[in-house]
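I'd like to ask some things about the structure below.
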Amino acid sequence: MRSIKQPGAPLPERIQWVEGRGRAFKFTLQAGLPLLESARRGFAAEGFAGGVLSFGGGALGPFAYVMPALSSTGENAAFYSETYRPQGVTRTRLGSMTLGTRDGAPFFHCHGLWTEADGKPSGGHMLPDETIVAEPFEVAAFGIDGAAFTAEPDPETNFKLFGPVAALSIGAPTTSRAFALRLRPNQDFAFCLEEFCRAHGIARAKIHGGVGSTIGARFSHGGATEPFATELAVTAGTIAPGPSGAPEAALDIALIDYTGGIAEGRLIRGNNPVLMTMELVLEVLDEFG
């Protein structure tokens, strides 16, 4: 399986996780507000400080983003491009967001694909402080209580990355057992989730959110992304018993690579290692025994 040398030593804990409780809901992002503030208000209205969300068609403008890029200094295994600020209204096709905190203030990590006003298809990593909701649009969210995503220095990748931390319960109404997860580099996305579910007695689960990167990609439809630096969003994900009865992950994703190549499809289990990080919430639907 492919691997990329990171600047720091691998940490022994390869899956960061915190268990909590959660609930799925939908809300409409308010136009005229920064995307970060609009998302924060939507979670707060349901009693949550944070969580994850996914969306389809939406409208953003002003809008700023970066794409994956090669590192020019060698201080990171990959880096970000210059900042792009397309004119007019950008129309999103899909996206996924983790809403948490950085330096004590609300912050998000959000990847997606979109079409700019001039018709150019693109994608990447949205910048929270320069992205405004241009028109109201609906998102599907999952709030989590008892856990939160907080950006902290990560010595392995030499980035400041979201990871799950325990949080005081704020008493939000919840329906499900849930885990906030972060997967570390150079381990297969699907196998990692399957191992986690086996270890925690989880027979069936649904993935909510899903923001991160893989080392290129190999898809079940036969396609492949060769450039190693990517930014991806999970578009659908489940874990359910396979033919042997053991948990198997079905992961549908969309990505952009550092050359601007766009790809979508279901990832092949066992051949899609994490590049930098993978954040998501796992909602438990059924347990073994």
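The values are calculated or read from the model by the stated rules, or taken from the named source; none is laboratory data. It should be emphasised that the depicted structure is a prediction, and the values quoted were computed from it without experimental measurement. Methodologically, a virtual Cβ is constructed for each residue, glycine included, from the backbone with ideal geometry; neighbour enumeration extends over all protein chains shown. All accessible areas refer to the heavy atoms of the entire protein, side chains included, with ligands and DNA or RNA removed. Shrake-Rupley method; radii C 1.70, N 1.55, O 1.52, S 1.80 Å.
Which FRET efficiency value, to the nearest 0.05, is calculated for GLN87 and ARG41 with the Förster distance at 30 angstrom and r the Cβ-Cβ distance? Write down the numbers at each step before the final one.
Values: r = 27 Å, r/R0 = 0.90.
Given R0 = 30 Å and the Cβ-Cβ separation, E is 0.65.
Okay, next question. Give me the one-decimal Kirkwood hydrodynamic radius in Å for the range 178-217, with the sum taken over alpha-carbon pairs. Walk me through the numbers before you get to the answer.
Numbers: mean 1/r = 0.0881 Å⁻¹.
For the range 178-217, the Kirkwood estimate is 11.4 Å.
Can you compute the radius of gyration and Dmax for the range 227-289, using only the Cα atoms, both in Å?
When restricted to the Cα atoms of the range 227-289, Rg and Dmax are 13.8, 47 Å.
If you don't mind, there's one more thing I want to ask. As a test question: what accessible area, to the nearest 10 Å², does SER220 have when a 1.4 Å probe is rolled over all protein chains in place?
Per-residue accessible area (SER220): approximately 80 Å².
Under the Karplus relation 6.51 cos²θ - 1.76 cosθ + 1.60, θ = phi - 60°, what is the ordered set of whole-Hz ³J(HN,Hα) values for the range 201-214, x standing for Gly and Pro?
x, 9, 8, 9, 8, 10, 8, 10, x, x, 10, x, 8, 10
Would you work out which of LEU53, ASN76, ALA236 lies farthest towards the positive end of the dipole of the chain? Charges go on Cβ: Lys and Arg +1, Asp and Glu -1.
Final value for the positive-end residue is ALA236.
Roughly speaking, what % of Cα-Cα pairs in the range 51-150 are separated by over 18 Å, rounded to a whole number?
On the way: 2510 of 4950 pairs.
That fraction is 51 percent.
If you average the alpha carbon positions of the range 70-88 and of the range 160-220, how far apart do those two centres end up, in angstrom?
The range 70-88 and the range 160-220 have Cα centres spaced 26 Å from each other.
If you take all C-alpha pairs in the range 1-122, what percent of them are over 16 Å apart? Mind showing how you got there, number by number?
Numbers: 5307 of 7381 pairs.
Result for the distance tail: 72 percent.
With +1 on the Cβ of every Lys and Arg and -1 on the Cβ of every Asp and Glu, and nothing else charged, how large is the dipole of the chain about its Cα centre, in debye rounded to the nearest 20? List each step's numbers first, then the result.
Numbers: 23 positive and 30 negative charges, 69 e Å.
Taking the Cα centre of the chain as origin, the dipole is about 340 debye.
Continuing with the same structure: Could you give me the radius of gyration and the Dmax of the chain, taking only the C-alpha atoms into account and expressing both in angstrom?
Calculated on Cα positions, Rg and Dmax stand at 17.7, 55 Å.
In addition: Mind checking the per residue accessible area of the chain for me, 1.4 Å probe, whole number of Å²? List each step's numbers first, then the result.
Details: 11570 Å² over 289 residues.
On a per-residue basis, the chain sits at 40 Å².
Related question: Step by step: find N for the range 195-262, compute 2.2 N^0.38 Å, then divide the Cα radius of gyration by it. What's the final number? Write down the numbers at each step before the final one.
Values: Rg = 13.8 Å, N = 68, 2.2 N^0.38 = 10.9 Å.
The reported ratio for this selection is 1.26.
Relative to the present Cα-Cα distance, how much length would full extension add between LEU285 and ILE262 at 0.36 nm per residue of separation?
Working: separation 23, 0.36 × 23 = 8.28 nm, distance 3.20 nm.
Fully extending the segment from LEU285 to ILE262 adds 5.1 nm.
Could you give me the radius of gyration and the Dmax of the range 152-289, taking only the C-alpha atoms into account and expressing both in angstrom?
In Å, with Rg to one decimal and Dmax whole: 15.3, 47.
From the gyration tensor of the Cα coordinates in the range 89-210, what semi-axes in whole Å does the equivalent ellipsoid have, largest first, with each one equal to sqrt(5λ)?
On the way: eigenvalues 147, 66, 60 Å².
The equivalent ellipsoid of the range 89-210 has semi-axes of 27, 18, 17 Å.
If you don't mind, there's one more thing I want to ask. Treating only the Cβ atoms of Lys and Arg (+1) and Asp and Glu (-1) as charged, compute the dipole magnitude of the range 104-172 about its Cα centre; round to the nearest 20 debye.
Details: 2 positive and 10 negative charges, 25 e Å.
Computed about the Cα centre, the dipole is about 120 debye.
What does the accessible area of ARG269 come to, in Å² to the nearest 10, when a probe of 1.4 Å is used?
About 90 Å², rounded to the nearest 10.
How large a share of the accessible area of the chain, in percent, is made up of carbon and sulfur atoms when the probe is 1.4 Å and the other protein chains stay in place?
Working: 6060 of 11570 Å².
Percent of accessible area from carbon and sulfur atoms in the chain: 52.
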